[in-house]
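Report on the following structure.
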Amino acid sequence: MRKLIEHRIFSSVRDSIEKTAREIKRSLRPVLLISKPSLNGALSIAPIEAALVDSGIPYTRRFTNSDPKSTTFVSIIDDYDVNHKTISSPSSISISPITVEGLRGRLGDSRKGLLSTVAQAHVLADKISHNSRRLRRIRPWVLSGNWISAALDTTYDPVYSALRDFLSTEGSIRVVPVTQVESPEIRNYGWIKPGVLERESNNWDSFDIRQREKSMDSLVKSALESNNPPTARLEELLWHCILGPEWKSDLASQITRASLFWDKQTPKDASSELADILVSIGTI
């Protein structure tokens, strides 16, 4: 894997993350991983836990609304606060979502977006154990924090796009149309009539370019007429599905399935289940 921390979108948090990673690796005390029992919290905790497991570094994990009571901890702050930044002490760090420059336009104009706690957590994990087998397996989940944020419901997300391009270039993901996803989550495509997506997917390999364009037009038509989902998210759902190595379901489908954990059990149990699955097998 390439070193994610070297990407310029992490420049504002690079020093604090590198310092904390060094201290965690040399600390004699167990590391406390703590977050609210939320989808974002579980997605953020998982990569750090994966790195700690593969490094043999002792830790404890808590999904709670309480503040950390430890001198060595990684705390995930779900809520975006323009006045709150990722901060650290010698062996502890508090990670919150922040606004950064994602890309630059053709005229050099800055395109800013949200740098999620999930992406920052993956960077910290990578600094703790760059060669972690578990971390490599869940590399595509770097994008999950930006996917569950509201940015794609309102406009183009330059940070998501920058991270997606980085992962694609290094070979951690493939970006494909939904018709090339073996097991998409149908809940994400409520505007498509039952059976239509499956039919287009089955015929996809036999289509020429013109037929493929017509096929995608048929899948997007109803959504454009209702403007639901919003255009930016619609584009990702149909044309830019994220697949990890040997994945049958794309990232958006897996995130939707993960979110259903919170409908069936307590937030704490749902968070623990999701983190356990990602650390152990990496897919849902």
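The values are calculated or read from the model by the stated rules, or taken from the named source; none is laboratory data. Everything quoted here is computed from the prediction, not taken from an experiment. Every residue, glycine among them, receives a Cβ derived from its backbone with ideal geometry; neighbour counts consider all protein chains shown. Keep in mind that these areas ignore ligands, DNA and RNA; they rest on the heavy atoms of the full protein, side chains included. Shrake-Rupley method; radii C 1.70, N 1.55, O 1.52, S 1.80 Å.
A few comments on the model shown:
Let's see how each residue does on (1) under 30 Å from Asp54 (Cβ atoms); (2) exposed (fewer than 15 other Cβ atoms within 10 Å of the Cβ):
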{"position": "Arg210", "(1), (2)": "no, yes"}
{"position": "Glu213", "(1), (2)": "no, yes"}
{"position": "Leu234", "(1), (2)": "no, no"}
{"position": "Leu237", "(1), (2)": "no, no"}
{"position": "Ala258", "(1), (2)": "yes, no"}
{"position": "Asp263", "(1), (2)": "no, yes"}
{"position": "Asp269", "(1), (2)": "yes, yes"}
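- Qualifying residue in the range 29-50 (condition: basic (Lys, Arg) and either within 23 Å of Ile255 (Cα to Cα) or surrounded by 18 or more Cβ atoms within 10 Å (Cβ to Cβ) (or both)): yes
- Breaking point among (1) under 21 Å from Ser16 (Cα atoms); (2) open to solvent by less than 10 Å² (accessible area, probe 1.4 Å); (3) within 13 Å of the chain's Cα centre (by Cα), for Ala125: (3)
- Condition check for Lys19: modelled with pLDDT of 90 or more, open to solvent by 30 Å² or more (accessible area, probe 1.4 Å) and either out of contact with any strand residue (DSSP E or B) (no Cβ under 7 Å at 6 or more places or on another chain) or not polar (S, T, N, Q) (or both): yes
- Helices (runs of 4 or more DSSP H) contained entirely in the range 196-284, each with at least 3 residues that are more than 27 Å from Arg137 (Cα to Cα): 196-203, 209-226
- Contacts under 6 angstrom Cβ, first residue in the range 167-193 being within 20 Å of Thr231 (Cα to Cα), partner open to solvent by 20 Å² or more (accessible area, probe 1.4 Å) and assigned to a loop (DSSP other than H, G, I, E, B), 6 or more apart: Val175/His240; Pro177/Trp239; Val178/Pro184
- Lone qualifier among Val220, Val196, Val176 - being among the aliphatic types (A, V, I, L, M), open to solvent by less than 60 Å² (accessible area, probe 1.4 Å) and under 18 Å from Leu251 (Cβ atoms): Val176
- Enumeration of residues in the range 128-158 that are aromatic (Phe, Trp, Tyr) and more than 15 Å from the chain's Cα centre (by Cα): Tyr156
- Selection status of Ile34, free of Cβ contacts under 8 Å to residues at least 60 places away in the same chain and not in a loop (DSSP other than H, G, I, E, B): yes
- Residues (β-branched (Val, Ile, Thr) and part of a loop (DSSP other than H, G, I, E, B)) located in the range 114-155: Ile138, Thr154, Thr155
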